[in-house]
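The values are calculated or read from the model by the stated rules, or taken from the named source; none is laboratory data. In this text the structure is predicted, and so the values were computed from the model without any measurement. In this analysis, Cβ positions are derived from the backbone assuming ideal geometry, glycine residues included, and neighbour counts consider all displayed protein chains. All accessible areas refer to the heavy atoms of the entire protein, side chains included, with ligands and DNA or RNA removed. Shrake-Rupley method; radii C 1.70, N 1.55, O 1.52, S 1.80 Å.
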Amino acid sequence: MSKEFKYNTKVYYEDTDAAGIVYYANYLKFLERARSEIIYTFGLTNKKLLNDYNTLIIVKSCNIKYKKPAKFEDVLTINSRLLLISKVSFTMEQIIKRDNETISDAEVVLVTVNNQGKPVKIPEVLLKSFEKII
C-alpha cells in the first residue's frame, strides 16, 4: 500500500452555489491542488517538469463519486495515494473528507505528455519520487 498524502483546504464562498453548497466541478479543483502539493513534496513543480523535462501531467480520466455535500466554510482534507504506475501514466485514489466523513472519492488516471500533447515516458526524477512512496 502506498503512502497517503493529506492536503487541507477550506471551502470559500466562491466555491459554492447560492445555497452555500460546493459546486460539483470545484471538487476537481480541490483534487488538482492536492496532486500539485504532492509534486511539491518531491522538490518539483509542474513548471519545472515542463521547463526541465518537457513533461506535463494531464488528466486522462476521472471517476468521481459525490457522497455528501461540502458546504461554505467546511474544512476539507484530501487524502491521495498512488495506486498504479505504468511507463506513461499513473493512477491515484483521492478521497475528500470533512472530519472523518467521506464527502467524495475519485480515481484519477494521469498521463505524462510533452508540450505538443504527445505521450512521453514519466521522467526518471518523477519515477524515483514515486518509488519512495509506494
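Near residue 133, within a Cβ-to-Cβ distance under 14 Å, what is the net charge of the other residues, with Lys and Arg +1 and Asp and Glu -1?
Values: positive: 3, 6, 35, 81, 128, 132; negative: 4, 37, 93, 131.
Neighbour charge sum, excluding residue 133 itself: +2.
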Over the chain, calculate the relative contact order: mean separation of alpha carbon pairs under 8 Å at least 6 apart, over the residue count, as a percent. 29
Taking protein heavy atoms only, a 1.4 Å probe, and rounding to whole percent, the accessible area of the chain owed to carbon and sulfur comes out at 50
Quick tally, 1.4 Å probe accessible area for 113, 125, sorted with the most first, runs 125, 113
So the pair-distance distribution of segment 79-128, from every Cα-Cα distance in 10 Å bins, comes to percents of 24, 41, 23, 12, 0
How large is the charge dipole for the chain, taken about the Cα centre, if only the Cβ atoms of Lys, Arg (+1) and Asp, Glu (-1) carry charge, to the nearest 20 debye? 400
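Counting only protein chains, not ligands or nucleic acids, how are 64, 58 ordered by accessible area (probe 1.4 Å), most first?
Values: 64 35, 58 75 Å².
My answer, sorted largest first, is 58, 64.
So what's the projected area for the chain, the Cα convex hull averaged over all directions, in nm²?
On the way: hull surface 33.0 nm².
For the chain, the mean projected area of the Cα convex hull comes to 8.2 nm².
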Dimensions of segment 1-74 along principal axes (Cα, Å, largest first)? 44, 29, 23
Once the dipole of the chain is set up from charges on Cβ (+1 Lys and Arg, -1 Asp and Glu), the residue from the list 11, 63, 96 lying farthest towards its positive end is 63
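Can you give the charge dipole size of segment 29-95 about its Cα centre, rounded to the nearest 20 debye, using +1 on the beta carbon of Lys and Arg and -1 on the beta carbon of Asp and Glu? All intermediate terms of the calculation are to be shown ahead of the outcome.
Numbers: 12 positive and 6 negative charges, 44 e Å.
The dipole of segment 29-95 has a size of about 220 debye.
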